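First the structure, in the form of structure tokens, and then the observations on it.
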Amino acid sequence: MVNGTTLSQAFNKVLPPGVTLSGGLAGDGTDFIETMVGLDTPPASGMIVAVGLCGSSLQIAFGSSGGWSPFGPKRTVTASHDNVLQELDGKLALDLYKTYLGSEADALPASALRFPLNLTPPGHDNPVVRTILSIDEKEGTMTFAGDIPVDSTVQLMRASYEDLISGAEEAATAASQDSELVLCVSCVGRRIVLGQRIEEELEGVRSIFGAGPVITGFYSYGELAPSGHDRKCQLHNQTMTITSLSERAV
């Protein structure tokens, strides 16, 4: 129900300088039917919840990493509208995507969580990962968790178990500090790929932080975390995104 790119941009526009934002988009596994969130009220559909923390002794660190690797030819986005991908190289995006998925195409959109897109927007050098939320068989389009600008370069991605676990450890290393609380937001696509080995993702995080902090979190349809030198929040997909918090006497 929400474009994660637009959501993060709206928060960035309103929040004062120096205030960081992290979190994620609620998910319902591979059902893609309905998600509900709430704060001091029964959870409901279509809700956005934000909790603010402040204080001179508050220390926050964050990290986000994936572990996915691109494969296949690079394609150019020739038609799109916000987060709806219409054409790649002048062909219907959904038809082209299905040719790569083969038998996995019958399980769309859930199977797409195993094959996200590596996207490099025009004018940018650093790629981002984008995950499919839904498909439109009639129109031949795909809706993603974030924007897919025209003239972007895209490639399919995949990952091994070891790659994803290493990505979680990289995110933990970036967020590592003498923490009391560690919030982990992991994409549901990672859980699907790792299957019974999903515990190893958290074991990797625990190996970095040690036995001290409380670790909690959820599986998402998109992760929100600061990125870049200006520390503005951006939408990430198919990542383990970690925010660690502590209070230190000043």
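Values in this text are rule-based calculations from the coordinates and carry no lab data. Remember, predicted model here, so these are calculated numbers, not experimental data. Note that each Cβ is placed from the backbone with ideal geometry, even for glycine, and that neighbours are counted across all protein chains shown.
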Please pick out the residue among Gly90, Gly66 that is in contact with a Ser or Thr (Cβ under 9 Å, 6 or more places away or on another chain), of a type outside the set (Ser, Thr, Tyr) and within 19 Å of Arg191 (Cβ to Cβ). Gly66
Quick one: which residue in Gly67, Gly72 is under 30 Å from Arg206 (Cβ atoms) and of a type in the set (Gly, Ala, Ser)? Gly67
Just one listed residue, out of Ile60, Ile48, is of a type in the set (A, V, I, L, M), within 30 Å of Glu162 (Cα to Cα) and in contact with a strand residue (DSSP E or B) (Cβ under 8 Å, 6 or more places away or on another chain), and it is Ile60
Can you tell me which residues in segment 91-137 are over 25 Å from Asp28 (Cα atoms), β-branched (Val, Ile, Thr) and assigned to a strand (DSSP E or B)? Thr120
Consider only pairs whose beta carbons are under 9 Å apart and that are at least six residues apart or on different chains; among these, list those whose first residue lies in segment 120-147 and is on the phi > 0 side of the Ramachandran plot and whose second residue is assigned to a loop (DSSP other than H, G, I, E, B) and of a type in the set (A, V, I, L, M). none
Matching entry among Ser65, Ser80, Ser56 (being touching a residue at least 24 places away in the same chain (Cβ under 8 Å), surrounded by 16 or more Cβ atoms within 10 Å (Cβ to Cβ) and farther than 27 Å from Ile135 by Cβ): Ser65
Which of the residues that make up segment 1-25 are assigned to a loop (DSSP other than H, G, I, E, B) and of a type in the set (S, T, N, Q)? Asn3, Thr20, Ser22
Residue satisfying all of: in segment 129-148; surrounded by fewer than 24 Cβ atoms within 10 Å (Cβ to Cβ) and among the small types (Gly, Ala, Ser); nearest to Gly167 (Cα to Cα) among these: Ser134
